[in-house]
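Structure first, then comments.
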């Protein structure tokens, strides 16, 4: 852990999680040193489930990051100040299959003891252990308007991760 990050309990996060995820956005990162990928996301949440502090996030199977999350037990969510919005836009618009997002954005990877990767520029990073996944099933849509998010029928996979480390600047 870099010395400018401090570990806190997840319950001490003071941000409004609706803003933190929905409008501030986050990077979901998975993989190991030398082979990882990150993507921008703004669908998810934080909460308490199965007597654990958890996050949940959604990734479409065609996304390059999906493969990394599938192969590893740990992933991170990194949150940034507004001055880094261009990094988030870039990482959401470009695929790691085609471009080196780290090099192009100047992101500085930080490697935790578990091998998880978050970023020096983040103001908040959550290290999460996968504990559950569920594929979105269109047959379960009660509100038919939800289908408009899936014109290609590329339904997300939801991951629930136990927050095992919460780092803040």
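Key figures for this structure:
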| quantity | calculated |
| --- | --- |
| Global form of the range 111-164, assessed from the alpha-carbon gyration tensor, a/c cut-off 1.5 | prolate |
| Computed lengthening from residue 140 to residue 70, 0.36 nm per intervening residue step minus Cα-Cα distance | 22.9 nm |
| FRET efficiency estimate (nearest 0.05) - Cβ-Cβ, residue 90 to residue 12, R0 30 angstrom | 0.50 |
| Mean separation of Cα contacts under 8 Å (6+ apart) over length of the chain, as relative contact order % | 30 |
| Prolate/oblate/rounded label for the range 37-163 (Cα gyration tensor, a/c 1.5) | oblate |
| Pairwise centroid distance, computed over Cα atoms, of the range 1-54 with the range 61-100, Å | 12 |
| Protection-proxy order for peptides 146-159, 117-130, each taking the mean of Cβ atoms within 10 Å per residue, highest first | 117-130, 146-159 |
| Percentage relative contact order, the range 92-149, counting C-alpha pairs under 8 Å, at least six apart | 15 |
| Overall form of the range 1-83 per C-alpha gyration tensor (a/c, 1.5; a/b vs b/c) | rounded |
| The range 1-77: relative contact order as a whole-number percent, Cα under 8 Å and 6+ apart | 29 |
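We did not get these values from a lab; they are worked out from the coordinates using the rules stated. Since the model is a prediction, treat every value here as computed from it, not as a measurement. Virtual Cβ from ideal backbone geometry, glycine too; neighbours counted across all protein chains shown.
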